[in-house]
Amino acid sequence: MKAIIKTALTGAFILLLSFQATAQSSKYKCMLQMSNYMGEGAYVVVSLINAKGEYEKTLYVMGDDKKWYNSLKEWYKFNSKKPSNISAITGASVTGGDRSITTIEIENSKINHGYKLRFESAVEDQKYHVNDVEIPLTTAGIAAKSEGKGYIRYVRLSKI
Amino acid sequence: MTLSFWRYSHLALAVFSAAFLIIASVTGTILAVDAIQQKIPPHRVENFENITLGQTLAVLKKNYPEITEVSIDHNQFVTLQAIDNDGNDVNGYINPATAKIIGTPVKKSDFINWVTGLHRSLFLHETGRLFVGINSFLLVLIAISGFALVINRQRGLRNFFAKIIKEYFAQYYHVLLGRLALIPILIIAISGTYLSMERFHLFENKNENQTETPTTTAAKKTFDLKNTSLAEVTKIEFPFSEDPEDYYIFELKDRKIEVNQYSNEIISEELFSTTQLLSDLSLDLHTGRANGIWAFILGLASLNILFFIYSGFAMTFKRRASRIKNKFTAQESKYILLVGSENGSSLRFANAILKQIIDNGEKAHLAQLNNYTSYPKAEHLLIFTSTYGLGDAPSNASKFVSLLETNNQQQHINYSVIGFGSKSYPDFCGFAKEIDTLLETKNWANRLLALHTVNDKSAEEFVSWVKSWSAQTDIPLSTTPSVYNHIPKGLQQVMVLDKTTVSEKEQTFLLTLRAGIRSKFTSGDLLAIYPANDNRERLYSIGKHTGNIQLAVKLHPNGLGSAFLYNLKPGDTIKTQIINNHAFHFPKKARQVVLISNGTGIAPFLGMIEQNKKKTEIHLYSGFRQKTEITAHYEKFAAEMRQKQYLSQFHLAYSREENHHYVMDLIQMDADFFAILLQNDGVIMICGALAMQFDVEKVLDTICIAKNNTTLSEYKAKGQILTDCY
């Protein structure tokens with residue numbers, strides 16, 4: 001009887017711990033260096049992509065006028081299907097040549113489990129880049145400087 | 001010639017861009033208010049200028065483990081982006097001396113974002129921006145053509161800020177505000193054009209290289225944090241990590257420098273290109289973001305643009321309405337009709353004739369006497385003219401006599417002069433007579449008919465000329481008087497409230513009328529009545545008495561207007577028209593005003609005194625023939641007004657009493673007072689008979705010459721002498 005209670009309690013405790021472990025997350029400083037493109041400020045959205053290549057969570061939105069969100073087509077589809085409150089993780093759009101530093105929060109369990117960070121970008125009346133930058137969420141991937149293909153020159157991450 | 005060029009450009013540009021300008025100025029005003037509001041929260045710390053960069057950096061590093069960016073905006077509010085000791089994001093205004101958070105930045109509301117989008121690009125993206133850019137450039141041209149028009153109107157740059165002659169509300173304020181708002185509007189338009197064009201990279205190409213290659217000559221120099229004031233900096237980007245390859249980036253007003261985070265050595269220095277600086281300056285000037293007062297001026301200028309659109313179109317419509325429309329040119333026409341008219345009634349008669357001649361298949365041209373030129377195909381010259389004052393030319397005929405001397409016609413032309421006027425004046429049709437005799441001396445001119453005169457716009461008398469001329473030229477013209485009769489439309493009903501009676505000694509009576517609730521008038525305006533329900537119009541000066549219209553009328557034995565009015569009983573209604581007579585309103589600014597009248601001319605003054613709630617110093621000088629019931633009434637009124645301090649002095653002159661005084665004598669007695677009054681910008685208003693006006697002006701002129709060493713005309717030009725005489 002006692003043993004059962006003991007194991008049950010231990011089990012519950014372990015379960016609780018492991019639950020806490022999954023909920024454990026870390027903050028990262030994320031630096032975005034834009035290339036010297038001409039035009040309006042770019043709207044950039046940072047999303048967490050799972051191993052299947054699907055959107056899982058919006059981590060940061062640079063650009064605060066909702067009117068332009070539909071120009072980030074793929075993310076817009078996801079965000080319309082599963083709307084989440086992004087007001088706390090919304091900042092200003094970034095202009096060509098500028099640097100933007102933001103902090104994003106990633107759950108520790110996502111690291112080294114096939115997840116990726118996707119930076120997609122759009123500029124008024126110009127091309128839309130679904131995959132401007134994609135960073136594999138591995139220890140090495142986070143440490144590296146990731147070059148961009150579109151308006152972003154490179155992205156650097158650093159754990160706080 | 002140049003005047004019409006500027007006027008047409010000004011108008012055409014305005015018409016073309018009006019819709020856009022309305023949107024831009026409404027949104028611009030809203031944005032200006034927003035810009036001012038942004039200045040209101042006091043996130044600017046005192047002694048901001050004395051805080052150094054080193055001081056701030058030290059205090060920030062002590063308080064925050066991770067700092068990403070510090071920016072200092074145009075309001076000198078310092079924003080910090082960092083992570084605090086508990087791992088929370090910090091984004092707020094700080095006190096740069098203590099690193100304490102003193103406020104949170106407010107994001108632009110959706111409404112302001114919406115307004116900004118509309119203002120910049122009308123929600124049409126690039127196309128919209130292009131359109132906005134073109135229209136702001138048009139605004140530059142409008143401002144320039146407007147400037148040229150003001151110079152034209154004021155007769156030269158030197159008189160740019162001289163007094164503007166007030167014709168009517170829209171005209172006066174269009175010019176007055178135009179002068180004041182010219183500079184802000186030019187700045188708005190030029191900076192707006194620049195900002196729009198910048199989006200199309202018109203200015204970028206040349207400077208591309210400069211931004212790409214940072215100048216490294218400054219290597220080995222260190223950045224002196226201790227002696228750099230925070231006010232010089234616009235943004236500090238903190239090193240991303242502790243790696244010595246990650247630098248501080250300081251953005252100053254004119255350059256961007258990268259600094260080693262340990263040694264403070266300047267790694268690279270990049271001067272901003274002139275385009276960048278220019279675009280910054282344009283933004284400052286266009287948005288007023290750097291200065292609340294400037295933002296306020298910009299807001300006012302935007303509101304002004306709205307007013308200009310309204311008043312500009314009001315002016316255009318007014319001009320169009322009174323413009324003469326011609327089917328045939330002066331060069332090709334056989335019949336030339338020239339008009340000299342003060343208020344448009346002679347023009348009406350001329351137009352009726354013009355229409356009939358053209359309907360007969362002939363070429364005819366109508367013009368103002370001042371536009372007299374050569375008429376190569378002309379066979380008939382018809383001149384319809386009224387007379388102004390005592391035998392002078394009406395305003396649109398003032399240059400005719402000299403034009404006649406310089407423009408000789410090449411062929412023989414038959415002429416006929418028709419004079420319009422009123423027999424109640426001594427120089428009945430004086431100007432028409434002058435023209436008629438002047439034309440006789442020209443060898444090309446042949447008098448077809450003797451001078452015809454038309455008293456009091458009488459259609460019957462006009463028809464007698466029509467018959468004679470028609471007989472001479474074989475052009476059938478209508479001889480029915482009603483064709484030439486014109487009753488104005490939109491007359492207002494007023495009701496008789498009270499009327500005094502005349503006696504053997506006193507022929508003047510006071511009539512009080514109640515105007516419609518919505519009608520706006522003040523003392524000095526004119527009331528037009530149409531006693532016989534035809535062309536004939538009678539004007540009376542209005543005095544505003546307890547909100548009603550008060551007239552002083554002298555009953556003439558066969559007077560059309562006075563008899564009509566005297567036969568009215570309280571409760572009767574009549575059709576009238578109130579004519580705004582702005583040139584004879586009580587001056588708003590003058591500290592001392594003298595009112596001079598004779599006879600019934602006192603009527604508007606009674607109202608002005610009654611309305612003098614501001615207690616302006618008023619001196620009333622009035623002349624009458626003899627003491628009667630009505631002068632007793634005036635004296636009683638004056639006594640009441642003096643008690644209320646609405647009137648300071650009342651001087652009376654009776655020409656038929658024992659000392660035979662006229663108002664001129666009263667003025668002569670107070671010569672010193674008048675001289676000082678005029679010197680101190682006081683205003684003199686004269687109402688009554690024309691002869692009295694001339695006598696008074698003569699006396700005043702002598703006083704001015706003797707005491708002020710100048711002539712009365714100088715004070716007239718400054719608007720210190722206002723007259724309404726008949």
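For segment B:335-484, what number of Lys pairs, 8 or more residues apart or on separate chains, have alpha-carbon atoms under 25 Å from each other?
Final tally of qualifying lysine pairs is 20.
For chain A, what relative contact order do you get, as a whole percent, if you take Cα pairs closer than 8 Å and at least 6 residues apart?
Normalised by residue count, the contact order of chain A is 32 percent.
What pairs in A:127/B:39; A:159/B:39; B:327/B:718; B:489/B:716; B:499/B:613 have C-alpha atoms more than 32 Å from each other?
Distance filter (> 32 Å) returns A:127/B:39; A:159/B:39; B:327/B:718; B:489/B:716.
Of the trypsin sites (Lys or Arg not before Pro) in segment B:526-625, which ones lie in a loop per DSSP and count no more than 14 other C-beta atoms within 10 Å?
Answer in residue order: B:588, B:589, B:591, B:613, B:614, B:615.
Two decimals, Cα atoms only, Kirkwood Rh: what is Rg/Rh over segment B:33-176?
Taking Rg over the Kirkwood Rh, I get 1.22.
Over the Cα atoms of segment A:25-159, what Rg and Dmax result, in angstrom?
13.7, 39
Using every alpha carbon pair in segment B:507-603, what percent of pairs falls into each 10 Å bin from 0 up to the bin containing the largest distance?
14, 48, 30, 7, 1
Test of the criteria: in segment B:244-319, which chymotrypsin sites (Phe, Trp or Tyr not before Pro) are in a DSSP loop and have at most 14 other Cβ atoms within 10 angstrom of their Cβ?
Answer in residue order: B:262.
Which of the aspartates and glutamates could a cross-linker bridge to residue B:107, judged by Cα under 16 Å and excluding same-chain residues fewer than eight apart?
Output for residue B:107: A:64, A:65, B:34, B:73.
Could you work out, for chain B, what percent of all Cα-Cα pairs fall into each 10 Å distance bin, beginning at 0 Å and stopping at the bin that holds the largest distance?
Percent of Cα pairs in each bin: 2, 11, 15, 17, 16, 12, 9, 8, 6, 3, 1, 0.
Sequence-distant or interchain residues sharing an amide H contact under 5 Å with residue A:25, placed H: which?
Result for residue A:25 returns A:108.
What Rg and what Dmax come out for segment B:335-484 when only alpha-carbon atoms are used, in angstroms?
Both quantities, over Cα of segment B:335-484: 14.2, 41 Å.
Collect residues whose amide H, placed 1.01 Å from N in the peptide plane, falls under 5 Å from the amide H of residue A:97; neighbours closer than 5 in sequence don't count.
Amide H neighbours of residue A:97, under 5 Å, 5+ apart: A:34, A:35, A:36, A:37.
Can you list the DSSP H helices in chain B whose Cα atoms extend at least 24 Å along the helix axis and whose mean Kyte-Doolittle hydropathy is -1.0 or higher?
B:2-39, B:125-153, B:169-198, B:292-321
Provide the three semi-axes, in whole Å and in decreasing order, of the ellipsoid equivalent to segment B:234-278 as defined by the square roots of 5 times the Cα gyration tensor eigenvalues.
22, 10, 7
Helix-derived [θ] at 222 nm for chain B: sum -39500 (n - 2.57) over DSSP H runs of at least 4, divide by residue count, nearest 500?
-12500 deg cm²/dmol
Give me the log10 of I(q) over I(0) for segment B:467-532 at q = 0.14, 0.27 Å⁻¹, as the Debye formula computes it from C-alpha points; what are the numbers?
Each listed q corresponds, in turn, to -0.70, -1.26.
Run through segment B:614-664 and list the GluC sites (Glu not before Pro) located in a DSSP loop whose Cβ has at most 12 other Cβ atoms within 10 Å.
In loop regions of segment B:614-664 (DSSP not H, G, I, E or B), the sparsely surrounded GluC sites (Glu not before Pro) are B:658.
Given the -39500 (n - 2.57) contribution per DSSP H run of 4+ residues, what per-residue ellipticity at 222 nm results for chain A, rounded to the nearest 500 deg cm²/dmol?
Roughly -7000 deg cm²/dmol at 222 nm, from the helical runs in chain A.
Which semi-axis lengths, in whole Å and largest first, follow from the square roots of five times the eigenvalues of the Cα gyration tensor of segment B:247-358?
Each semi-axis is √(5λ); the values are 69, 17, 8 Å.
Stick to the Cα atoms of the protein assembly as shown, pair each with every other, and give me the Kirkwood hydrodynamic radius in Å at one decimal.
Evaluated over the protein assembly as shown, this radius sits at 35.3 Å.
Given Cα pairs under 8 Å that are at least 6 residues apart, what percent is the relative contact order of segment B:409-561?
Normalised by residue count, the contact order of segment B:409-561 is 16 percent.
One quarter of the convex hull surface, Cα atoms only: what value does that give for segment B:589-726 in nm²?
For segment B:589-726, the mean projected area of the Cα convex hull comes to 7.8 nm².
None of the figures in this text is laboratory data; all of them are computed from the coordinates on show. Since the structure is predicted, the reported quantities are computational estimates derived from the model, not experimental observations. Backbone-built Cβ (ideal geometry, glycine too); neighbour counts: all protein chains shown.
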